[in-house]
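Undergrad: Just dropping this structure here.
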Amino acid sequence: MQDYLMGSDWQSVGLLDTLKMERVRTILTHTYPYPHEHSRHAIIAVVVGCLFFISSDNMHTLIQKLDNNIKWWSMYACLLGFFYFFSSPFIGKTIKPSYSNFSRWYIAWILVAALYHLPSFQSMGVDMRMNLSLFLTIYVSSILFLLVFHVIFLGLWYIGLVARVAGKRPEILTILQNCAVLSIACCVFYSHCGNSAILREKPFERKNSGWFSFWKKEERNTWLAKFLRMNELKDQVCSSWFAPVGSASDYPLLSKWVIYGELACSGSCAESSDKISPIYSLWATFIGLYIANYVVERSTGWALTHPLSVKEVEKLKKKQMKPDFLDMVPWYSGTSADLFKTVFDLLVSVTVFVGRFDMRMMQAAMSRVQDGAQQEDFLYDHFSEKDDMWFDFMADTGDGGNSSYAVARLLAQPSLQLRSGNSKLTLPRGDLLLIGGDLAYPNPSSFTYERRLFRPMEYALQPPPWYKEDHIAVNKPELPCGVSELKQYDGPQCFVIPGNHDWFDGLQTFMRYICHKSWLGGWLMPQRKSYFALQLPKRWWVFGLDLALHCDIDVYQFKFFSELIKEKIGDDDSVIILTHEPNWLLDWYWNDTTGKNVSHLIRDYLKGRCKLRIAGDLHHYMRHSYVPSDKPVYVQHLLVNGCGGAFLHPTHVFSDFNKLYGTSYERKAAYPSVEDSSRIALGNILKFRKKNWQFDFIGGIIYFVLVFSMFPQCKLDHILQDDTFSGHLKSFFSTVWDAFMYMLGYSYVSSAGAMLLLIAAFSFVPTKVSRKRRAVIGILHVSAHLAAALILMLLLELGVETCIRHKLLANSGYHTLYEWYRSVESEHFPDPSGLRARIEQWTFGLYPACIKYLMSAFDVPEVMAVTRNNICKKGMESLSREGAVIYYASVFLYFWVFSTPVVSLVFGSYLYICINWLHIHFDEAFSSLRIANYKAFTRFHINCDGDLEVFTLAVDKVPREWKLDHDWDGEPKQPQQLSHLRDFPSKWSAASSQQDPLSTVRIVDHFVIQQTEKPDLGGMNGSVTH
């Protein structure tokens, strides 16, 4: 006995060690404490049950019973392959009411509807037809029952018979999901336990009712033996756990309202069954549990489901808090209202504002002082008396929340500890933050500015306690109490220029949120207008220019800066020109000349005093420095850094730039490197659809229009009758070519679609390419899409034709599934009390009609095949308008799934070829990737000698998960303390400390601009550290 107990203990410990119950609890427990996701647990239970029953019954005979016919294997591979690639972008994502969740249900519907017609499932012992018909019947019944329950419950709540906390209405999607889980559970039980109303003659005794009691003593420690005897466990589960609850005579009141089980006798049974169906009892149990759970949760709320104290619950919630960052903008979304609004705003801006109304002109007119160089609205000199100064520059923020916050977190730190070679550097936070435009994507609006710009900045450095979101700053600067003038304020300040995206609404949102607000997070904004001049220490200046949509400054802006140069800037002063667009790179790329007023200002007024030009717009980092020569040098260094949070742009496209204003330049730094940039572009082939699954709406419709007139293909005998694989291929592609010629000659809809696509493809090619090359590129692009669409069309038609030839489709009309179910319903689900007839009478025939048409709507392949047969026999003229709509809708449901992965693959390959081989589409090819990584900003230091040290700091990988920063949370906070005085100013840190930007930031470029050095005396200015 002692040996037995010791053996049992050893076995128990081994089992627990193997299962790792803590990991199991983590998987089965929802992350957030309330509300419970009960349907999630139900889904897990149903899936585990399905796997258990299927493995017990079929796994040991699966290989032996599968059909060896190669065409069915090929059809399975194609079907499952296309469905996998269609659903792959949604795998692992949270189930929520969205296109992602819709796609899951859509895939489940049409995949199962297709698979159950294929032959191999019956050889596996699974009767898909019975399961589907039973599922749909239970599903409809459950939905109707629960809807009635919810209506009654809301009525009781309305008249006050239910607690007010229960007033939240249930989501329809939740009801549908619960009904689906319930129906699947009933079908799984029926498949493996049946609807038998009589138990086994020798039921298991109590001593044998345990989980492991049927094993022999010598087999208890043999896992293989346990697995091989799974059938006994399955029989025990069916007989003990899900046994019928009794006969109808035991419940006289229910005798006319229950479903009965079938008698377990071989052959016909004389008497009718009096036992309640175990499926009915299982369904009723699930419905009862759902109702009880719903009533308890809505009536008692938090207290019953959470025995923890309120203090402990609040503490737990605080630990699990996460920032509500927005994702990167989906530029290829076919359903985004923001993108359509962006296009509309751009058209209005170009049509109305460009050349007609200019906000910059209005700013000049509204200025309070008329003498150009004295205008306090544009000129700020409160930094000029400092001994030295640190300031930062970033641009193109306001895209993804993760990337924008990662940069903002680095900007907000009191100092950054970095390594440069073998030495350690401490870089203090900048007293000034310059932002180079494009503050929010895709368009300027209250929502995008608040969620994509202000929220990440406020998380990084909180605004002062008295700050109010709806406050309008009338008299700027609005200084904190105790500070009388701007030069006395020792906190960080921010100056911003607008970018092209900020001008899409005529600069209205920029003026409201930048020029008429005082705080961007913890950065004070003294700025009143959209352009400015800053006088910095040691005779350094910053000119912030507003290029609008003209890519140039206006006359009034030119007047202000030119007079400022004449009256304020000395011969030995140094100027930094800040613009949004780097026209030196873009003009070279587009072979164009823009910014003539800016060039005039630099060449004829500054005359070599412009030491540095900085810009954003291109979302990478790149620096070019002049090559010493005898020619005059108007600008020494050209720096682009648009890595403030927006998607990444390539660097290899611009690697050959080398000249501006007649001066030669060489590339000193690029981030990411040219090699990495070229490699990243490969993601268009591999990841385009994963990153841009919302493009499905456009891509699927385009492909369907291209082949719309090609359906159906009635003459496919020559493909199916070939004996060799090469013969099949030859016949297949010959048919594709014939379909293409037919489209050109007879198909007006498809031909018009192809022509429109060709025009769009030609227009899509950048104008820097000659018209002849644009035509060639457009034709090749459209040809690839057209060939892919025709091949997919023919594959779909071949699949349907094969199933028709093997009597798997189009056998008995549109209602095949319903008619078959009614034929077996009376045999397997007896109804001696006439319940179904009474329900049909009370619902005026809606009960069977709803199920009938639901089954027909579910069985899309059957509808498609029957209609296809009618068209092939009688012609398209025999089809009514409603019939044509039904046919093409059924075709579209499957063709859309087949086409969306392919159109993304073709289009992604096109972008990859263009960006890496032709160096075009740099914007389109990288916006598709939505890369949040490779983020950077530049930190400047004017030292005591007047030299400008430039450090560019970068983070290669941006964290995706954040948690509450324990240092920030634990730091004591004074009621009126400004956030820049804290040691830990940022609220969120990376979930993994190794991925936190403070741990991964590094220097990617470092050089020094000496103020006293003359560029025409030879010698390269500055040093570079990589």
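Undergrad: Taking H placed 1.01 Å from N in the peptide plane, check which residues at least 5 places from residue 384 or on another chain put their amide H under 5 Å from its amide H.
TA: For residue 384, no residues qualify.
Undergrad: Could you work out how far apart the two model spin labels at residue 676 and residue 293 are, taking each label as a point 7 Å from the Cα in the direction of the beta carbon, and quote it in nm?
TA: 4.8 nm
Undergrad: Does anything in region 530-574 have its amide N under 17 Å from the 7 Å Cα→Cβ label point of residue 943, and if so which residues?
TA: 537-540
Undergrad: Rounded if a/c is under 1.5, else prolate if a/b is larger than b/c, else oblate: which is region 866-928, with a ≥ b ≥ c the root eigenvalues of its Cα gyration tensor?
TA: Taking the square roots of the gyration eigenvalues as a ≥ b ≥ c, region 866-928 is prolate.
Undergrad: What shape does region 849-974 have by the C-alpha gyration tensor, where a ≥ b ≥ c are the square roots of the eigenvalues, rounded means a/c under 1.5, and otherwise prolate means a/b greater than b/c and oblate the rest?
TA: Oblate shape, in that a/c is at least 1.5 and b/c is the bigger or equal ratio.
Undergrad: Across 5 Å bins from the origin, how do the percents of Cα pairs in region 681-926 run, short distances first?
TA: Taking all Cα pairs of region 681-926, the binned fractions are 1, 6, 10, 13, 14, 13, 11, 9, 7, 6, 4, 3, 2, 1, 1, 0, 0 percent.
Undergrad: Also: Amide H to amide H under 5 Å from residue 937: which residues, 5+ apart in sequence or cross-chain, H placed 1.01 Å off N in plane?
TA: 953
Undergrad: Considering only Cα-Cα distances, which of the following residue pairs are longer than 31 Å: 568/987; 476/538; 424/668; 487/568; 935/987?
TA: Among 568/987; 476/538; 424/668; 487/568; 935/987, the Cα-Cα distance tops 31 Å for 568/987.
Undergrad: Using 0.36 nm per residue of separation minus the Cα-Cα distance, give me the extension gain between residue 78 and residue 752 in nm, one decimal.
TA: That pair, residue 78 and residue 752, stretches by 239.6 nm at full extension.
Undergrad: Still on this structure, I have one more. For 638, 756, give me the order by solvent-accessible area with a 1.4 Å probe, most accessible first, ignoring ligands, DNA and RNA.
TA: 756, 638
Undergrad: May I ask you to evaluate 6.51 cos²θ - 1.76 cosθ + 1.60, the Karplus curve with θ = phi - 60°, for each residue of region 427-436 and list the ³J(HN,Hα) values in order in whole Hz, giving x for glycine and proline?
TA: 10, x, 5, x, 6, 9, 10, 9, 10, x
Undergrad: Can you tell me the length gained on complete extension of the stretch residue 882 to residue 769, counting 0.36 nm per residue apart and subtracting the Cα distance?
TA: That works out to 35.9 nm of additional length.
Undergrad: Once the other residues with Cβ under 12 Å from the Cβ of residue 474 are scored (Lys, Arg +1; Asp, Glu -1), what is the net sum?
TA: In short, +2.
Undergrad: For region 651-761, with every protein chain kept in place, what is the accessible area per residue (1.4 Å probe, Å²)?
TA: About 52 Å² of surface per residue is accessible.
Undergrad: Would you kindly derive the ³J(HN,Hα) couplings of region 568-582 from the backbone phi angles with the Karplus curve 6.51 cos²θ - 1.76 cosθ + 1.60 (θ = phi - 60°), listing them in order in whole Hz, with x for Gly and Pro?
TA: My calculation for region 568-582 gives 10, 8, x, 5, 9, 6, 10, 10, 10, 8, 10, 10, 7, 9, x Hz in order.
Undergrad: Sticking with this one: Could you order the peptides 490-497, 640-647, 865-872 from most to least packed, using the average number of other C-beta atoms within 10 Å per residue?
TA: 640-647, 490-497, 865-872
Undergrad: Then there is this: How large is ³J(HN,Hα) for each residue in region 730-739, as worked out from phi by the Karplus curve 6.51 cos²θ - 1.76 cosθ + 1.60 (θ = phi - 60°), to whole Hz, x for Gly and Pro?
TA: Ordered by residue, 3J(HN,Hα) equals 4, 5, 4, 6, 5, 5, 4, 5, 4, 5 Hz.
Undergrad: Mind checking the full-extension length gain between residue 156 and residue 967? Use 0.36 nm per residue of separation minus the Cα-Cα distance, one decimal, nm.
TA: Result for the pair: 287.0 nm of gain on full extension.
Undergrad: Tell me the relative contact order for region 762-883 as a rounded percent, counting alpha carbon contacts under 8 Å between residues six or more apart.
TA: With pairs under 8 Å counted, the relative contact order is 27 percent.
Undergrad: Which FRET efficiency, nearest 0.05, do residue 102 and residue 824 yield, Cβ-Cβ r, R0 30 Å?
TA: Result of the calculation: an efficiency of 0.35.
Undergrad: For the pair residue 474 and residue 327, how long in nm is the line joining their label points, each one 7 Å along Cα→Cβ?
TA: Going by the 7 Å Cα→Cβ label model, 4.4 nm.
Undergrad: While we're on this one: Please compute the modelled spin-label separation between residue 976 and residue 721, points set 7 Å along Cα→Cβ, answer in nm with one decimal.
TA: Calculated label separation equals 9.6 nm.
Undergrad: Give, as a single signed number, the net charge of other residues whose beta carbon lies under 12 Å from the beta carbon of residue 765, with Lys and Arg counted +1 and Asp and Glu -1.
TA: It works out to a net charge of +4.
Undergrad: Ignoring ligands, DNA and RNA, what percent of the accessible area of region 681-926 is carbon or sulfur (1.4 Å)?
TA: Ligands and nucleic acids excluded, carbon and sulfur reach 65 percent.
Undergrad: What is the sum of charges around residue 591, taking Lys and Arg as +1, Asp and Glu as -1, for the other residues whose C-beta is under 15 Å from the C-beta of residue 591?
TA: Cβ neighbours under 15 Å give a net charge of +2.
Undergrad: Within region 455-494, what whole-number % of the accessible surface is contributed by carbon and sulfur, with the 1.4 Å probe and all protein chains included in the calculation?
TA: 49 percent
Undergrad: When a/c reaches 1.5 or more, the comparison of a/b and b/c decides; with that in mind, is region 462-532 rounded, prolate or oblate per its Cα gyration tensor?
TA: It comes out prolate by the Cα gyration axes.
Undergrad: Taking H placed 1.01 Å from N in the peptide plane, check which residues at least 5 places from residue 433 or on another chain put their amide H under 5 Å from its amide H.
TA: Hits under the 5 Å cutoff: 392, 493, 494, 495.
The values are calculated or read from the model by the stated rules, or taken from the named source; none is laboratory data. Computed from a predicted structure; not experimentally measured. All Cβ positions, even for glycine, are placed from backbone atoms using ideal geometry, and neighbour counts span all protein chains on display. When the accessible area is computed, the model is the full protein with side chains, heavy atoms only, and any ligands, DNA or RNA have been set aside. Shrake-Rupley method; radii C 1.70, N 1.55, O 1.52, S 1.80 Å.
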